[in-house]
1. Place +1 on the Cβ of every Lys and Arg and -1 on the Cβ of every Asp and Glu in the chain, take the dipole about the Cα centre, and give the residue among PHE12, SER40, LEU82 whose Cα lies farthest towards its positive end.
2. Please compute, for the alpha-carbon atoms of the chain, the extent along each of the three principal axes and give them in descending order in Å.
3. How big is the charge dipole of the chain about its Cα centre, in debye rounded to the nearest 20, if each Lys and Arg gets +1 on its Cβ and each Asp and Glu gets -1 on its Cβ?
4. State, to one decimal in nm, how far the label point of ASP24 lies from the label point of LYS10, with both points 7 Å from Cα in the Cβ direction.
5. Filter the GluC sites (Glu not before Pro) in the stretch 37-99 down to the DSSP loop ones having no more than 12 other Cβ atoms within 10 Å, then list what survives.
6. Between LEU37, LEU62, LEU84, which gets the highest mean-square fluctuation from a Gaussian network model of the chain, Cα cutoff 10 Å?
7. Any chance you could run the full-extension gain for LEU88 through GLN47? It's 0.36 nm times the residue separation minus the Cα-Cα distance, nm to one decimal.
8. What part of the accessible area of the chain, given as a whole %, is carbon or sulfur when the probe is 1.4 angstrom?
Amino acid sequence: ALRKGSDLEKAFATAALVYSNYADPEGKLSKPETKSLLQSQFWHVIQGQENKPKYQEIISSLDEESENKIDFEDFMILLVSLTLMSDLLQEIKNVKTTK
């Protein structure tokens, strides 16, 4: 259905598909599973961010022992948070201004 979709629609569909492939039958991820997914599928965004307080806050929250699982909405908020605190947006801006 998304073959004719926009790049943005395809990006969100891909995020939903990746999440779905990792999620349990209830559609949720444990915190360790979430951390593993981020480290394997979102590495290029989070690489080099380890010393930033916001990154440390997010990752430490995933290290906490908790029964709470992460649903898709929380996962998307996590992706947006990590993207905003990363250098990705500045890199995109730099590429755009040099063209």
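The values are calculated or read from the model by the stated rules, or taken from the named source; none is laboratory data. Computed from a prediction, not measured in an experiment: that's the story for all the values here. So basically every Cβ, Gly included, is an ideal-geometry build from the backbone, and we count neighbours across all protein chains shown. With ligands, DNA and RNA removed, areas are computed over all heavy atoms of the protein, side chains included. Shrake-Rupley method; radii C 1.70, N 1.55, O 1.52, S 1.80 Å.
1. Among PHE12, SER40, LEU82, the one farthest towards the positive end of the dipole of the chain is PHE12.
2. Extents along the principal axes: 48, 41, 18 Å.
3. Values: 12 positive and 16 negative charges, 151 e Å.
Roughly 720 debye for the chain.
4. With each label point 7 Å from Cα toward Cβ, the separation is 3.4 nm.
5. Values: sites: GLU50, GLU57, GLU64, GLU65, GLU67, GLU73, GLU91; in loops: GLU50, GLU64, GLU65, GLU67.
Within the stretch 37-99, the qualifying GluC sites (Glu not before Pro) (loop, at most 12 other Cβ atoms within 10 Å) are GLU50, GLU64, GLU65, GLU67.
6. Highest fluctuation of the listed residues: LEU84.
7. Values: separation 41, 0.36 × 41 = 14.76 nm, distance 1.02 nm.
Here the segment from LEU88 to GLN47 would lengthen by 13.7 nm.
8. On the way: 3870 of 7180 Å².
Exposed carbon and sulfur together represent 54 percent of the surface.
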